[in-house]
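Below is one structure; the comments refer to it alone.
The values are calculated or read from the model by the stated rules, or taken from the named source; none is laboratory data. Everything numeric in this text was worked out from a predicted model, so none of it was measured. Counting neighbours? That spans all protein chains shown, and the Cβs are built from the backbone with ideal geometry, glycine included. These area figures cover heavy atoms from the full protein model, side chains too; ligands, DNA and RNA do not enter into them. Shrake-Rupley method; radii C 1.70, N 1.55, O 1.52, S 1.80 Å.
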Amino acid sequence: MTGEKETTSSKGNQNKWYANGRWYKEDGLGYEALTEVLVSRLLPKTSVRRFVEYQYEALQREDRMVHGCVSKDFMEPGDDKVVSVERLFQAYEGQSAAKAVLAYEEPIDKIRYVVRTVERATGLMDFGRYMREILTVDALFFNEDRHFHNIAVIRRKDGCYRECPVFDNGAALFSDVRGDYPLNMTEEECRNKIRAKPFSRDFDQQLDACELLFPAFPFRASFTMEDVTDVLAEFCGIYEEEVLHRVDETMRMQIRKYGYLFQ
């Protein structure tokens, strides 16, 4: 593709590139594209306000076809650049966010510190809502790769900031079958192995902390397993049956576990 700019994901195994106003991502570890599409198709039935929409696409890579997904560029007229929380901390605190939060022991204190720092640096007044949205989505879908480089804001040309849409959920739902979660691993084994980021290794500790810190911003979901199976049906013949079964089983258990979010 002409004019494309290529980079890699945080795990270093997923090629992604930008061309003609769209971002393309190639599966690098397993079924990231399926996960991105599923999450973005379910988020409209939640209280998340802004998120990136992904579509599946078979991508031509040199002499081979690969699984991938595509999304529109979410930058708007007047936007200047995406600024990660990591970059904000380096600019305003003089150190990385990952290092800065080590000054606090409890997840609730780490989250409070990061939210206050971002609000002070950007002028955004409800970054806590955004943080609660992200960490709830991560818990609900088992996204293990929420580091400080993909929690971000957008700086506008006038110097003001706005929130980024929720993006980069490809590492959710045990999609890394070539490394951490091979398909011969049971769903229970996957659950026991997975670890959260960036404030705690436990998804529920992060979620509980957000619910205590930001009670004014409750998270609500209304999607059902029928919605999940409808999306998975579109991937029959694209991904292995073992993949579709794993995602189906995982989502059934997650919807049951977090039933209070669906009330």
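Only residues that are in a loop (DSSP other than H, G, I, E, B) and among the acidic types (D, E): list them for the stretch 151-184, please.
D158, D168, D180
Looking at E189, E211, which is the one that is over 14 Å from V137 (Cα atoms) and at pLDDT 95 or above?
Sole residue among the options that is over 14 Å from V137 (Cα atoms) and at pLDDT 95 or above: E189.
Given (1) open to solvent by 20 Å² or more (accessible area, probe 1.4 Å); (2) of a type outside the set (F, W, Y); (3) outside any helix (DSSP H, G or I), identify the lone condition not met by N143.
Looking at each condition in turn, N143 falls short on (1).
Can you give me the number of residues within the stretch 112-144 that are in contact with a strand residue (DSSP E or B) (Cβ under 9 Å, 6 or more places away or on another chain) and in contact (Cβ under 8 Å) with a residue 40 or more places away in the chain?
Residues meeting the conditions: 7.
Applying the selection to the stretch 53-72, what residues are touching a residue at least 12 places away in the same chain (Cβ under 8 Å) and either over 15 Å from K16 (Cα atoms) or of a type in the set (K, R) (or both)?
The answer is E53, R61, K72.
Would you mention how many residues in the stretch 101-140 are acidic (D, E) and not in a helix (DSSP H, G or I)?
3
Determine, yes or no, whether V243 is under 22 Å from E57 (Cβ atoms), out of contact with any Phe, Trp or Tyr (no Cβ under 7 Å at 6 or more places or on another chain) and open to solvent by less than 80 Å² (accessible area, probe 1.4 Å).
Considered against the rule, which asks whether it is under 22 Å from E57 (Cβ atoms), out of contact with any Phe, Trp or Tyr (no Cβ under 7 Å at 6 or more places or on another chain) and open to solvent by less than 80 Å² (accessible area, probe 1.4 Å), V243 comes out as no.
In the stretch 91-100, which residues are of a type outside the set (G, A, S) and assigned to a helix (DSSP H, G or I)?
Of everything in the stretch 91-100, those that are of a type outside the set (G, A, S) and assigned to a helix (DSSP H, G or I) turn out to be Y92, K99.
Having 1 or more residues that are over 19 Å from K110 (Cα atoms) and open to solvent by 10 Å² or more (accessible area, probe 1.4 Å) is the bar; report the helices (runs of 4 or more DSSP H) wholly within the stretch 185-235 that clear it.
Once the helices (runs of 4 or more DSSP H) in the stretch 185-235 are filtered for at least 1 residues that are over 19 Å from K110 (Cα atoms) and open to solvent by 10 Å² or more (accessible area, probe 1.4 Å), what remains is 187-193, 225-233.
Identify all residues within the stretch 146-170 that are farther than 20 Å from V115 by Cβ and open to solvent by 20 Å² or more (accessible area, probe 1.4 Å); write none if there are none.
Across the stretch 146-170, the qualifying residues are R156, K157, D158, G159.
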